[in-house]
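What follows is a set of notes on a single structure, which appears directly below.
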Amino acid sequence: MNSRILGLAAGTILVFGLTGCGSAQDHAASGHTQHEHEHHNQTNTSQQEDSVTSNQSPLEKAFQDELTGFSTIEDDISKGNYKDAATIADTLHEEFHAVIFPPLKDKKGNEYAKSIHGKYDELQDAIKDQHTEKISDLIKVNRDNLHTVAGILGISLSK
């Protein structure tokens, strides 16, 4: 289980790292030298090649992480492991907020994005309360929502 948590955490860190990079012009405006730009670009390219094992964009990877995470939560709950399920749910919530929420908000508006986001909050609460039936229902709702949102954002997911 710990390897799954580490995998999701590493994916989240990767997403933050990839989305937080600015352009060379931004660095130039901040006074960085050309050598620093080259080093920054080489480092980013190396990190992307080492960390991203497929041709997935950070957004595509986030969707896959979410779907895998829901399966992990189901597995943990079936074993009565609410602690690990809560940790995974927290990680999924953070990844959704960092990677999926912004483009969804841009495309469909803040209210729509918040309505989708609210189901993550409900799932976390159900896990905290150890309400197994509600957890199962909310995982289904969140999965369905992810497939809908993927279509909205032009991301292809396997069923």
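The values are calculated or read from the model by the stated rules, or taken from the named source; none is laboratory data. Keep in mind that what you see is a predicted model, and the values were worked out from it rather than measured. Methodologically, a virtual Cβ is constructed for each residue, glycine included, from the backbone with ideal geometry; neighbour enumeration extends over all protein chains shown.
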Residue ranges of helices (runs of 4 or more DSSP H) in the range 96-159 with at least 3 members at pLDDT 95 or above and surrounded by 19 or more Cβ atoms within 10 Å (Cβ to Cβ): 110-128, 132-152
Answer from Gly69, Gly80 - the residue that is at pLDDT 95 or above and not in a helix (DSSP H, G or I): Gly80
Close pairs from the range 50-67: first closer than 19 Å to His93 by Cβ, partner at pLDDT below 95 and hydroxyl-bearing (Ser, Thr, Tyr), Cβ under 7 Å, at least 6 apart: Pro58/Thr19
One residue from Lys134, Lys105, Lys128, Lys140 being of a type in the set (Lys, Arg) and within 16 Å of Glu66 (Cα to Cα): Lys140
Hits in the range 75-95 (condition: buried (at least 17 other Cβ atoms within 10 Å of the Cβ), more than 14 Å from Leu146 (Cβ to Cβ) and in contact (Cβ under 8 Å) with a residue 60 or more places away in the chain): Asp76, Asp84, Thr87, Ile88, Thr91
